[in-house]
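Since the structure comes first, as structure tokens, the remarks are kept for the end.
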Amino acid sequence: MNRYVIDRALLEGNIACVLQAASVPVMGVVKANGYGFGLREMALALKAQGVNSFAITELEDIAPLRDAVGEGADILVMRSTALADEARHVVESGCIASVGSVAAADALAAAARAAGVRARCHLKVDTGFGRYGFLPAQMDDVLACYAREDLAFEGMYTHFAAAYHDVAATRAQLSALEQVAEQVERAGFAAGVRHAANSPALFNVPEAKLDMVRIGSAFTGRVITLAPTPLERVGYLEAQVIDVKTLPAGSGVGYGGATRVKRETQVAFVSAGTQEGFGLAVEKPPSLRGALSAAKGAAAHRRLEVEIGGRAWPVLGEADLSLTLVDVTGGDVRAGDWARMDLNPMMVSPKVPRVYV
């Protein structure tokens with residue numbers, strides 16, 4: 001059976017690296033199945049190193065996350081919603097809501113009144129991403145929300161659009177958030193905990209740390225930074241070679257026969273493909289120049305590799321839905337051998353078991 005293997009020691013090392021770099025409290029973002037590492041497993045690994053604040057986006061993650069981290073941990077739902085049933089679910093589960101519009105504030109206040117509580121919440125500010133959140137110009141609406149008796153604002157945050165490569169734009173977003181916080185404070189309200197830095201901003205824009213940082217992808221070691229970090233890439237897909245055959249020179253490979261082998265080629269069939277996520281992972285380029293360079297390189301030769309027997313072998317053509325053909329000419333590869341495929345955990349199907357070693 002195919003599996004996604006996670007080295008626990010490497011993951012723990014990445015968590016320790018993040019905690020040291022942050023120097024402020026860390027909110028562990030465990031959305032998207034714990035960034036592909038498993039929601040429960042990732043949350044427990046973070047909690048073991050002292051992280052006690054978590055963030056998710058989907059409401060169905062509330063129950064399993066609460067079960068993993070306990071009642072004493074804070075859970076921020078990073079989803080400003082004006083849907084009454086969703087607001088009610090957030091309030092009843094004791095989570096911290098995100099408020100990014102007047103309609104969302106209305107829904108949350110109604111849910112709080114029905115439950116007889118003040119709803120814990122953070123203000124979401126749209127400083128340039130375009131997703132939910134109050135625009136900095138909507139200060140009248142922001143202050144009206146802070147004044148509502150049913151809402152207990154404990155913080156405010158924004159989300160950076162390009163912290164992986166555009167420091168100037170990130171600093172502009174940071175400044176916009178700080179200006180909103182200052183106006184809230186001048187109006188006599190407590191802005192609360194300010195948080196903005198995501199994984200790339202933690203390392204690329206240190207001043208963005210503020211009172212807390214929200215980190216997810218850095219724990220996997222797969223984050224673009226402008227300078228080297230001690231982070232290690234964690235995780236690989238493991239699948240078996242199910243057969244080996246020899247193709248004569250000129251044979252076509254894959255749909256449409258677009259790839260043809262130029263010599264007699266020994267081919268190993270690995271039991272994983274795009275349904276597991278192999279061949280689908282796309283890394284964001286660090287710059288326009290990097291994007292052009294990557295595109296040029298891809299046009300020249302798009303090359304995927306698979307490790308078998310401790311050696312990297314080239315993939316023939318494109319990964320298929322459930323099968324990858326690998327050129328193992330000159331090697332001693334046999335059916336039953338295990339193949340390793342470097343794969344971003346975010347691209348791995350949730351059906352693939354996560355195994356910690």
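The values are calculated or read from the model by the stated rules, or taken from the named source; none is laboratory data. Just so it is clear, the structure is predicted and the values come from calculations on it, not from any experiment. Using ideal geometry, Cβ is built from the backbone for each residue, glycine included, and neighbour counts are taken over all protein chains shown. Accessible surface is based on the protein model in full, side chains and every heavy atom, while ligands, DNA and RNA are left aside. Shrake-Rupley method; radii C 1.70, N 1.55, O 1.52, S 1.80 Å.
Looking only at residues in the stretch 55-79 that are open to solvent by 20 Å² or more (accessible area, probe 1.4 Å) and small (Gly, Ala, Ser), the one that is nearest to SER98 (Cα to Cα) is ALA63.
Do we have any residue at all in the stretch 162-180 that's among the small types (Gly, Ala, Ser), touching a helix residue (DSSP H, G or I) at 6+ places or on another chain (Cβ under 6 Å) and crowded, with 21+ Cβ neighbours inside 10 Å? Walk me through it before giving the result.
First, the residues of the stretch 162-180 that are among the small types (Gly, Ala, Ser): 162-163, 168-169, 172, 175-176.
Imposing the further condition that a residue be touching a helix residue (DSSP H, G or I) at 6+ places or on another chain (Cβ under 6 Å) reduces the set to 162-163.
Pick out the ones that are also crowded, with 21+ Cβ neighbours inside 10 Å and you get 163.
Within the stretch 162-180 (the criterion being among the small types (Gly, Ala, Ser), touching a helix residue (DSSP H, G or I) at 6+ places or on another chain (Cβ under 6 Å) and crowded, with 21+ Cβ neighbours inside 10 Å), the answer is yes, since at least one residue qualifies.
With respect to the conditions (1) in contact with a Gly (Cβ under 8 Å, 6 or more places away or on another chain); (2) assigned to a strand (DSSP E or B); (3) more than 23 Å from ALA32 (Cβ to Cβ), ALA152 falls short on a single one, namely (1). Open to solvent by less than 40 Å² (accessible area, probe 1.4 Å), part of a loop (DSSP other than H, G, I, E, B), farther than 16 Å from GLU238 by Cβ and modelled with pLDDT under 95: does that describe GLY297? So GLY297 fails the test.
Scanning the stretch 40-48 finds one or more residues that are touching a helix residue (DSSP H, G or I) at 6+ places or on another chain (Cβ under 6 Å), among the small types (Gly, Ala, Ser) and open to solvent by less than 10 Å² (accessible area, probe 1.4 Å).
When the stretch 187-245 is limited to residues that are more than 25 Å from LEU39 (Cβ to Cβ) and part of a strand (DSSP E or B), the one that is least open to solvent (accessible area, probe 1.4 Å) turns out to be VAL241.
Any residue in the stretch 318-333 that is within 12 Å of GLY273 (Cα to Cα) and assigned to a helix (DSSP H, G or I)? The answer is no; no qualifying residue exists. When the stretch 317-348 is examined, which residues are found to be at pLDDT 95 or above, of a type outside the set (A, V, I, L, M) and under 25 Å from the mean Cα position of the chain (by Cα)? The answer is ARG340, and nothing else.
What are the residues in the stretch 336-357 that are under 21 Å from GLU232 (Cα atoms) and among the β-branched types (Val, Ile, Thr), if any?
First, pick out the residues of the stretch 336-357 that are under 21 Å from GLU232 (Cα atoms): 339-348, 354-357.
Listed by number, the residues that qualify are VAL348, VAL355, VAL357.
Here's the yes/no breakdown for (1) touching a Phe, Trp or Tyr at 6+ places or on another chain (Cβ under 7 Å); (2) of a type in the set (Lys, Arg); (3) more than 24 Å from ARG186 (Cβ to Cβ):
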site: SER93; (1), (2), (3): no, no, yes
site: VAL102; (1), (2), (3): no, no, no
site: ALA114; (1), (2), (3): no, no, yes
site: LYS124; (1), (2), (3): yes, yes, no
site: ARG131; (1), (2), (3): no, yes, yes
site: PRO136; (1), (2), (3): no, no, no
site: CYS145; (1), (2), (3): no, no, no
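The sole residue among GLU238, GLU264 that is under 35 Å from the mean Cα position of the chain (by Cα) and among the acidic types (Asp, Glu) is GLU238. Each residue in the stretch 103-146 was checked for being touching a residue at least 12 places away in the same chain (Cβ under 8 Å), surrounded by 15 or more Cβ atoms within 10 Å (Cβ to Cβ) and either more than 25 Å from THR170 (Cα to Cα) or over 22 Å from the mean Cα position of the chain (by Cα) (or both), and 20 of them qualify. Residue pairs whose Cβ atoms lie under 6 Å apart, sitting 6 or more positions apart in sequence or on different chains, and linking a residue in the stretch 23-36 that is polar (S, T, N, Q) to a partner that is in a helix (DSSP H, G or I), are ASN33/LEU39. For the stretch 264-277: of the residues being open to solvent by 20 Å² or more (accessible area, probe 1.4 Å) and at pLDDT 95 or above, which is farthest from ALA197 (Cα to Cα)? The residue in question is GLU264. The residue that is least open to solvent (accessible area, probe 1.4 Å), counting only those in the stretch 1-21 that are within 13 Å of LEU202 (Cα to Cα) and over 18 Å from the mean Cα position of the chain (by Cα), is ALA21. Here LYS31 clears all of (1) open to solvent by 10 Å² or more (accessible area, probe 1.4 Å); (2) farther than 22 Å from ASP126 by Cα except the condition numbered (2).
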